[in-house]
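K.L.:
Sharing a structure below in structure tokens format, with a few things to ask.
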Amino acid sequence: MFADIVPDLKTTMPELRGRMLANQSLAELTWFRVGGPAQLLFMPEDESDLAYFLSALLPDMPVTVIGLGSNLIVRDGGVPGVVIRLGRGFNEVKVEDGARIRAGTAVPDVKVSRAAQDAAIAGLAFFRGIPGAIGGALRMNGGAYGRETKDALIEARGVDRAGRVRVFSNGDMRYTYRHCGAPEDIIFTGALFQGAPGDPVAIAAEMDKITESREATQPIKSRTGGSTFKNPPGHKAWQLIDAAGCRGFKIGDAQVSQMHCNFLINLGSASAADIETLGETVRRRVKETSGVELDWEIKRIGVTKQAQ
């Protein structure tokens, strides 16, 4: 257990409207269902509440942001400092003129693709293939089935560590493959996407094709974290992992998926340490067999249990 910092923060932030929870377990907020507690979990009411909180928070207090917990390992020792999770105040989706969609960053990616489908807006169906929320897609240039966030984004809105609201153009985001060059302290709160007028029947068919492909090739009904490693230049991560003999490999109750070996699975009672150790073992074996070094795509946060 971490020291309870809630009373002090309530004293220094009397106008705060969001919820603060001390030593709140994060395991149930991740798809892997593993990990320790947040020293403080804060769920702001809306953007202005988030800005107020950050402006009043001591500058040396660590801040970590989580979304739907799809591409995330929370280590067993938990996360010191503040963990921020955006919720109801950030989950609105609006269709705007000019085949545009505006979405809060707590909105699941699939919800954006469905809103676009209902409005006959083409070009956003790829979000159906990304397991997570818009905030994560912005931060890592999430993509699937031939398109990435950078291909659709007009602008993103966020709050910096000092509590200032800022707006970033597509160019300001400095996107590359699975990487965003915007400042690390920005907590994204919303985004505006550009699509194109489309045929509802064709869009529905594209969505169905993506759904069928995911169900046929990915262990989406398991406790998993999505794609574990980025595709190295000129390679596919799953092929390198397969060639290294890691398909189905297990450590404890953590396993490399038999269906798609760039996915790690919690078979039921794995710890975060089991999953991370499995991933590092896969990286080492791929390096030994191919000379290629895999980079994690899944975000890992917090401390080990021994280091707590």
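K.L.:
Scan region 206-227 for residues that are in a loop (DSSP other than H, G, I, E, B), open to solvent by 20 Å² or more (accessible area, probe 1.4 Å) and of a type outside the set (Ser, Thr, Tyr) and jot them down.
P.N.:
218, 220, 221
K.L.:
Let me ask something else about it. Quick check, is residue 110 free of Cβ contacts under 8 Å to residues at least 40 places away in the same chain and open to solvent by less than 50 Å² (accessible area, probe 1.4 Å)?
P.N.:
Criteria met by residue 110.
Condition check ((1) under 28 Å from residue 211 (Cα atoms); (2) open to solvent by 40 Å² or more (accessible area, probe 1.4 Å); (3) small (Gly, Ala, Ser)) across all residues:
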residue	(1), (2), (3)
36	no, no, yes
40	no, no, no
73	yes, no, no
135	yes, no, yes
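K.L.:
Within region 170-205, can you find the residues that are part of a loop (DSSP other than H, G, I, E, B), small (Gly, Ala, Ser) and touching a residue at least 12 places away in the same chain (Cβ under 8 Å)?
P.N.:
Hits for region 170-205 are 182, 195, 198.
K.L.:
Looking at 128, 102, can you tell me which residue is outside any helix (DSSP H, G or I), over 13 Å from the mean Cα position of the chain (by Cα) and in contact (Cβ under 8 Å) with a residue 40 or more places away in the chain?
P.N.:
Only one candidate passes the filter, namely 102.
K.L.:
Here's another thing I want to ask about it. Among the numbered criteria (1) outside any loop (DSSP other than H, G, I, E, B); (2) touching a residue at least 40 places away in the same chain (Cβ under 8 Å); (3) open to solvent by 30 Å² or more (accessible area, probe 1.4 Å), which single criterion is violated by residue 167?
P.N.:
Among (1) outside any loop (DSSP other than H, G, I, E, B); (2) touching a residue at least 40 places away in the same chain (Cβ under 8 Å); (3) open to solvent by 30 Å² or more (accessible area, probe 1.4 Å), the lone unmet condition for residue 167 is (2).
K.L.:
Evaluate the following for residue 147: is it in contact with a helix residue (DSSP H, G or I) (Cβ under 7 Å, 6 or more places away or on another chain) and among the basic types (Lys, Arg)?
P.N.:
When the stated conditions are applied, residue 147 passes them.
K.L.:
Do the conditions hold for residue 230, that is, is it surrounded by fewer than 20 Cβ atoms within 10 Å (Cβ to Cβ), in contact with a strand residue (DSSP E or B) (Cβ under 9 Å, 6 or more places away or on another chain) and either closer than 18 Å to residue 298 by Cα or of a type in the set (A, V, I, L, M, F, W, C) (or both)?
P.N.:
Considered against the rule, which asks whether it is surrounded by fewer than 20 Cβ atoms within 10 Å (Cβ to Cβ), in contact with a strand residue (DSSP E or B) (Cβ under 9 Å, 6 or more places away or on another chain) and either closer than 18 Å to residue 298 by Cα or of a type in the set (A, V, I, L, M, F, W, C) (or both), residue 230 comes out as yes.
K.L.:
For residue 143, indicate whether it is under 27 Å from residue 204 (Cβ atoms), of a type outside the set (Val, Ile, Thr) and touching a residue at least 40 places away in the same chain (Cβ under 8 Å).
P.N.:
no
K.L.:
So, in region 141-164, how many residues would count as being among the basic types (Lys, Arg) and either open to solvent by less than 30 Å² (accessible area, probe 1.4 Å) or under 24 Å from residue 233 (Cα atoms) (or both)?
P.N.:
The number of residues fulfilling the criteria is 2.
K.L.:
If you don't mind, another one. Count, please, the residues in region 42-97 that happen to be of a type in the set (Asp, Glu), assigned to a loop (DSSP other than H, G, I, E, B) and without any contact (Cβ under 8 Å) to a residue 60 or more places away in the chain.
P.N.:
Summing the residues that are of a type in the set (Asp, Glu), assigned to a loop (DSSP other than H, G, I, E, B) and without any contact (Cβ under 8 Å) to a residue 60 or more places away in the chain in region 42-97 gives 5.
K.L.:
If you don't mind, there's one more thing I want to ask. Would you say residue 182 is within 30 Å of residue 56 (Cβ to Cβ), open to solvent by 10 Å² or more (accessible area, probe 1.4 Å) and small (Gly, Ala, Ser)?
P.N.:
Against the criterion (within 30 Å of residue 56 (Cβ to Cβ), open to solvent by 10 Å² or more (accessible area, probe 1.4 Å) and small (Gly, Ala, Ser)), residue 182 does not qualify.
The values are calculated or read from the model by the stated rules, or taken from the named source; none is laboratory data. These figures come from a predicted structure and were not determined experimentally. Here the Cβ is made from the backbone with ideal geometry for all residues, glycine too, and neighbour counts use every protein chain on show. Note: accessible area is taken over every heavy atom of the protein model, side chains too, but ligands, DNA and RNA are not part of it. Shrake-Rupley method; radii C 1.70, N 1.55, O 1.52, S 1.80 Å.
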